[in-house]
Amino acid sequence: MEIENFKIIDSNSDLDVIMEDYNELATSFSFKYLKVGVLGTALLCSSPSIYANECKNYNIKHEVQDNALSIVNDYDVSINEFIETVNSFQKITFTKRDVVHNVLSFKSLINNWDGYRALPLEIESASNTIYLINLLDEKIVGSIDDMYPNPHGTISFEWVNNLNEKVYLEVGNESFSYFVKFNSSEPLFFDNLDVSDENIEILAEYIRAV
């Protein structure tokens with residue numbers, strides 16, 4: 001027995017019309033095995049308003065590949081950002097040896113080294129600086145942003161973070177002074193402190209907070 005081919009031509013036909021044609025053909029014994037296929041095709045080809053027109057080709061292989069590439073690209077960007085962040089945390093500008101070398105070079109400056117009667121770093125200032133640096137851990141020393149001699153024979157250090165918060169330190173012959181600038185509070189000033197282990201440890205805590 002031959003079964004006539006049929007197509008859903010009228011885009012305005014609703015699901016009831018489809019089911020009526022289906023039921024008429026389903027009386028054939030051989031056609032009953034096509035029930036699931038015919039009904040499934042009608043549903044897959046129907047629009048959200050349950051109207052049948054045509055089936056869109058869907059390539060699941062390409063969809064999976066596109067999604068996979070998108071995920072890989074997203075992870076690649078995230079990993080690069082993470083690496084940049086870690087590198088910024090591990091920034092090493094100076095070692096303790098570098099600091100000592102600079103201290104000695106500042107001590108070796110001649111009088112009037114800036115053309116405005118500046119003094120070289122004085123012996124006591126150099127000694128206090130080396131003592132202070134030796135009490136700071138490598139991470140604090142490594143995060144120094146700048147160090148330089150001052151015209152009156154002292155030496156200065158700066159620590160600055162990405163938020164422009166900073167600690168500024170000056171070491172002299174008999175004492176050291178520093179100020180701390182956090183965005184969440186007014187600047188803090190600490191003047192003429194003895195070069196003692198206790199005072200240096202308090203300084204270190206502020207530097208760690210930057």
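The values are calculated or read from the model by the stated rules, or taken from the named source; none is laboratory data. These numbers come from a predicted model, not from an experiment. Counting neighbours? That spans all protein chains shown, and the Cβs are built from the backbone with ideal geometry, glycine included. When the accessible area is computed, the model is the full protein with side chains, heavy atoms only, and any ligands, DNA or RNA have been set aside. Shrake-Rupley method; radii C 1.70, N 1.55, O 1.52, S 1.80 Å.
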Could you please let me know if residue 136 is touching a residue at least 24 places away in the same chain (Cβ under 8 Å) and among the hydrophobic types (A, V, I, L, M, F, W, C)?
yes
Would you say residue 121 is farther than 16 Å from residue 210 by Cβ and touching a Pro at 6+ places or on another chain (Cβ under 6 Å)?
yes
Exactly one of (1) in a helix (DSSP H, G or I); (2) among the aliphatic types (A, V, I, L, M); (3) over 20 Å from residue 209 (Cβ atoms); (4) touching a strand residue (DSSP E or B) at 6+ places or on another chain (Cβ under 9 Å) is unmet by residue 132. Its number?
(3)
The condition from (1) open to solvent by less than 60 Å² (accessible area, probe 1.4 Å); (2) assigned to a helix (DSSP H, G or I) that residue 104 misses is numbered (1)
Within the group 176, 157, 190, which residue is surrounded by 12 or more Cβ atoms within 10 Å (Cβ to Cβ) and within 31 Å of the chain's Cα centre (by Cα)?
157
Any idea which of 192, 164 is assigned to a loop (DSSP other than H, G, I, E, B) and at positive phi?
164
Hey, among the residues in the range 107-153 that are open to solvent by less than 20 Å² (accessible area, probe 1.4 Å) and more than 15 Å from residue 97 (Cα to Cα), which one's nearest to the chain's Cα centre (by Cα)?
150
Options 125, 105, 185, 175; residue that is at pLDDT below 95 and out of contact with any Phe, Trp or Tyr (no Cβ under 8 Å at 6 or more places or on another chain)
185
Pairs returned, first residue in the range 182-210 that is more than 19 Å from residue 130 (Cα to Cα), second residue that is exposed (fewer than 12 other Cβ atoms within 10 Å of the Cβ), beta-carbon separation under 6 angstrom, 6 or more apart or interchain, are 183/163
